[in-house]
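Enquirer: Following this message is one structure expressed as structure tokens.
The numbers here are math on the coordinates, done by the rules we state, and not lab data. Just so we're clear, the structure is a prediction, and the values are computed from it rather than from any experiment. Positions of Cβ are generated from backbone atoms using ideal geometry, with glycine treated the same way; all protein chains shown enter the neighbour counts.
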Amino acid sequence: MIVHRPRRNRKSAAVRALVRETRLSPDDFVLPLFIHEEAADAEIPSMPDVRRLGPDGLLREVDGALAEGIRAVVLFPKVPEERKTNDGREALRDDGLVQRSVAALKARFPELAVVTDVALDPYSSAGQDGIVDEDGNVLNDETVEVLAAQAVSHARAGADVVSPSDMMDGRVAAIRAALDEAGFSQVSILSYTAKYASAFYGPFRDALDSAPRGGDKKTYQMDPANAREALREVALDEAEGADMIMVKPAGPYLDVIRAVRRATALPVAAYQVSGEYAALCAAARNGWLDERACALESLVAIRRAGADVILTYFARKAACWLRDPLA
Ligand code: PBG
């Protein structure tokens, strides 16, 4: 005689909904947006349904996202090659692309949470997240000074959250101090705490033309083989004043998300990166995977592992799928 029948809790959609442990909501999502200096939007071949947006396209995209329940976006700029320098000084212009875009978004949609990316790679002639010396080393402390100024410039433009994605040591403390000194004590820091030197960033680097020109990012981004080291980064970012911490990529690093979740009381974000998105879309376009089912499964898995917040290129699609009562 079988006494225990777990299948009773799976017998209908209504019962399954009652006992479901993890839920997805558009409130969980941050939509990453690519912006450029051109007027017209542009397709990104390796990221189906994602476009690099001009000023009108950006407002249209956010208008649509808000209508679907997405209330937070993060901006990534494509910088013309001739404006790139080793010190990334274009990043500090108060009338730069990101700063203008933040101001335009906050003027039109004051209720929107605008997150900005703090790092030099889109502005760097070397395609690195920091300043490079003659020997090709990415300089830490010199870079941190520029990042702090970049964060303050984003805050002046109206950013709600600044998000350092560079993996320099000590940048969270420096950014917090610079923001506070400039009168922006209410601007939050979402730190890329455990950001791995991952090959899954390929399509993003295509979208922004920001790949390292020779070399890689392994002296600052984390080794994919390491999980314990993520906890060291968590302790440092907490001590330095991060408001939220992030693990990136997400899907291949669910164990890290879980370990980080256990190690901190801070909100944990995870970034389902461009390569995770591109792989699912490519398989779906070939008829090999069901895009909707696999995307929602990947997102619920990231939440189940312990992420509160998910940065995902599926944000708008997922918000629409979740509205469908059959979901
Ligand atoms: C760079 C940055 C990267 C991503 C976000 N910020 C790429 C990199 O580190 O080379 C990747 C995001 C994605 O792949 O979707 N500071």
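Enquirer: Counting only DSSP beta bridges with both residues in the chain, tell me the antiparallel percent, nearest 5.
Expert: Details: 3 of 36 bridges.
If I count the DSSP bridges inside the chain, around 10 percent turn out antiparallel.
Enquirer: Provide the per-residue ³J(HN,Hα) series for the range 19-36, in order, calculated from phi with Karplus coefficients 6.51, -1.76, 1.60 and θ = phi - 60°, each as a whole number of Hz, with x at glycine and proline positions.
Expert: Along the range 19-36, the couplings run 9, 5, 8, 10, 10, 10, 9, x, 4, 7, 9, 10, 8, x, 10, 9, 10, 9 Hz.
Enquirer: I need the phi-derived Karplus couplings for the range 308-316: 6.51 cos²θ - 1.76 cosθ + 1.60, θ = phi - 60°, integer Hz, Gly and Pro marked x.
Expert: 7, 10, 10, 8, 8, 6, 7, 3, 5
Enquirer: What three numbers, in Å, describe the spread of the alpha carbons of the chain along their principal axes, ordered from the longest?
Expert: Cα spread of the chain along its principal axes, largest to smallest: 74, 44, 39 Å.
Enquirer: Further question: Toward the positive end of the charge dipole of the chain, about the Cα centre and with charges on Cβ (Lys, Arg +1; Asp, Glu -1), which of 124, 96, 275 goes farthest?
Expert: The listed residue farthest towards the positive side: 275.
Enquirer: Related question: Could you state the number of Å between the C-alpha centres of the range 32-107 and the range 178-204?
Expert: 17
Enquirer: Order by neighbour count: 143, 264, fewest other Cβ atoms within 10 Å first, most last. Numbers along the way, then the final one.
Expert: Numbers: 143 26, 264 19.
So the residues, fewest neighbours to most, are 264, 143.
Enquirer: Residues with amide H under 5 Å of residue 222's amide H, sequence separation 5 or more or different chain, H placed in the peptide plane at 1.01 Å from N; which?
Expert: Sorted by chain and number, the residues that satisfy this are 195, 196, 197.
Enquirer: Could you pull out every residue, at least 5 positions away or on a different chain, whose amide H is within less than 5 Å of the one on residue 35? Hs are placed 1.01 Å off N in the peptide plane, and Pro or chain starts have none.
Expert: Under 5 Å from the amide H of residue 35: 53, 76, 78.
Enquirer: To continue, here is another question. Given only helices, namely DSSP H runs of n ≥ 4 each adding -39500 (n - 2.57), what is the per-residue ellipticity at 222 nm of the chain, to the nearest 500 deg cm²/dmol?
Expert: -12000 deg cm²/dmol
Enquirer: Please report, in debye to the nearest 20, how large the charge dipole of the chain is about its Cα centre when each Lys and Arg carries +1 at its beta carbon and each Asp and Glu carries -1 there.
Expert: Dipole magnitude for the chain comes out near 2240 debye.
Enquirer: Also, I was wondering about something else. Calculate, axis by axis, the spread of Cα positions in the range 111-168 along the three principal axes, and write the results as whole Å, longest axis first.
Expert: Between the extreme Cα coordinates on each principal axis of the range 111-168 lie 46, 17, 16 Å.
Enquirer: Could you tell me which of 47, 73, 6 has its Cα farthest along the dipole of the range 1-76 towards the positive end, charges placed at Cβ (Lys, Arg +1; Asp, Glu -1), taken about the Cα centre?
Expert: 6
Enquirer: Considering only lysines 8 or more places apart in sequence, or on different chains, count the pairs in the chain whose C-alpha atoms sit under 20 Å apart.
Expert: 7
Enquirer: Could you tally the net charge around residue 225, taking each other residue with its Cβ under 14 Å from the Cβ of residue 225, Lys/Arg +1 and Asp/Glu -1?
Expert: Working: positive: 218, 228; negative: 223, 229, 255.
The answer is -1.
Enquirer: Please work out the Kirkwood hydrodynamic radius for the range 77-203, using every pair of different C-alpha atoms, and report it in angstroms with one decimal place.
Expert: 14.8
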